[in-house]
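Remarks on the structure that follows.
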Amino acid sequence: MNIPGYDQLDMSLYPDLGISGLEDLPADGPLRLEQIIHQTWKTTSIPARYVAWMTSWVDKHPTWRYMFWTDESARKLIKDKYPEILPSYDSYLEPIRRADAMRYVILYEYGGVYADLDVESLIPLNSIARKYTCIVPQEPYEHPIIDSNFEHLVINAVMACRKGHPLMKRLMENLPDHAHMWHLLDSTGPHYMTLHYRHYTRQFTGAPTDNDGVYLAPAEYFFPTIDPVKFPYMRERCWQRFRSMSHIQQTACVNLRRHGLQRTPYPYSFTNHHWIHTYFMTRYSLAGPSELRSFIPRAEIYQGA
């Protein structure tokens, strides 16, 4: 990427975004959230593309429960336990909105870790789960900064939270009030989650390590790579508008140029997101399928109250 006038820039004014290493995490002690991995798909017939990433979770967490949620079993949970949100849930026209909504309900009801099928587990979450009761990741720094001039877009493709946490309660209970939103990002997805994360943390006066605290994890922990779908747009935006951008946007553009698209996870990255964009089904081949219990025999599926 060639930014007009880039050679004349003082590079010291544009430091790298993000962190340079892993924080101090406990090496032993009890976990502060339930040892359950939650994943979801329409049925138990899983496209082959996801199988290796799904098995990475059970391989890295051999003592954790593995609960799998189909469209049918997730709706059954909501009908059984939270019928007040069922009309809004059923009204969503796009399946991704239901997939977003169900994860807040599941984590509130059970606790543990939720992960999309295109998220690969790289190292166990035990160490960070000993320190925090609720962990929410953020998208790569460049995504919201270059696009909208703000930092810290919370993303729901991976979340870890104790059972009954008030943030998950808030996310679950406010779903009906946002069902009218035109875009899925605003009604159930990352923009929705960012809004309620901000509201919650403004009202909560404790520390992220408190029982009701929320820890916003660095992008390097869970989302160390750039979305390849967004990369051309961000590059073009930097090319066209660099001189009129805010300083933080210019910093993000320089960061984008320094590190490019072909990034690899850090030694301390807990996960890697492969950016499949499952809800844009026409963009990718989802060949297969494989039956869930053929590769995760111990998978549990909710059968009802």
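The values are calculated or read from the model by the stated rules, or taken from the named source; none is laboratory data. It should be emphasised that the depicted structure is a prediction, and the values quoted were computed from it without experimental measurement. Ideal geometry is used to build each Cβ from the backbone, glycine not excepted, and the neighbour counts take in all protein chains shown. Only protein heavy atoms, including side chains, enter the accessible area calculation; ligands, DNA and RNA are left aside. Shrake-Rupley method; radii C 1.70, N 1.55, O 1.52, S 1.80 Å.
Of all residues in the range 56-67, those satisfying the criterion of being open to solvent by 30 Å² or more (accessible area, probe 1.4 Å) and either modelled with pLDDT under 95 or in contact with a strand residue (DSSP E or B) (Cβ under 9 Å, 6 or more places away or on another chain) (or both) are 59, 60, 65. When residue 220 is tested against (1) open to solvent by 50 Å² or more (accessible area, probe 1.4 Å); (2) of a type in the set (Asp, Glu); (3) closer than 26 Å to residue 136 by Cβ, just one condition goes unmet, and that condition is (1). Checking each residue of the range 259-267 against the condition of being among the aliphatic types (A, V, I, L, M) and out of contact with any Phe, Trp or Tyr (no Cβ under 6 Å at 6 or more places or on another chain) gives no match. For the range 36-52, indicate whether the set of residues that are small (Gly, Ala, Ser), under 24 Å from residue 266 (Cβ atoms), open to solvent by 30 Å² or more (accessible area, probe 1.4 Å) and modelled with pLDDT under 95 is non-empty. Scanning the range 36-52 turns up no residue that is small (Gly, Ala, Ser), under 24 Å from residue 266 (Cβ atoms), open to solvent by 30 Å² or more (accessible area, probe 1.4 Å) and modelled with pLDDT under 95. Counting only residues that are modelled with pLDDT of 95 or more, hydrophobic (A, V, I, L, M, F, W, C) and under 24 Å from residue 277 (Cβ atoms), the range 162-219 holds 7 of them. Residues of the range 140-161 that are open to solvent by 10 Å² or more (accessible area, probe 1.4 Å), over 16 Å from the mean Cα position of the chain (by Cα) and touching a residue at least 60 places away in the same chain (Cβ under 8 Å): 147, 149.
Screening the candidates 16, 80, 24 for the property of being acidic (Asp, Glu), more than 19 Å from residue 158 (Cα to Cα), open to solvent by 30 Å² or more (accessible area, probe 1.4 Å) and in contact with a helix residue (DSSP H, G or I) (Cβ under 7 Å, 6 or more places away or on another chain) yields one hit, 16.
In the range 90-97 there is no residue matching the filter, namely being within 22 Å of residue 20 (Cβ to Cβ) and open to solvent by 10 Å² or more (accessible area, probe 1.4 Å). Within the range 246-284, the set of residues being assigned to a loop (DSSP other than H, G, I, E, B), open to solvent by 80 Å² or more (accessible area, probe 1.4 Å) and modelled with pLDDT under 95 comprises 262, 279, 280. Residues in the range 64-87 that are free of Cβ contacts under 8 Å to residues at least 60 places away in the same chain and closer than 17 Å to residue 115 by Cβ: 64 only.
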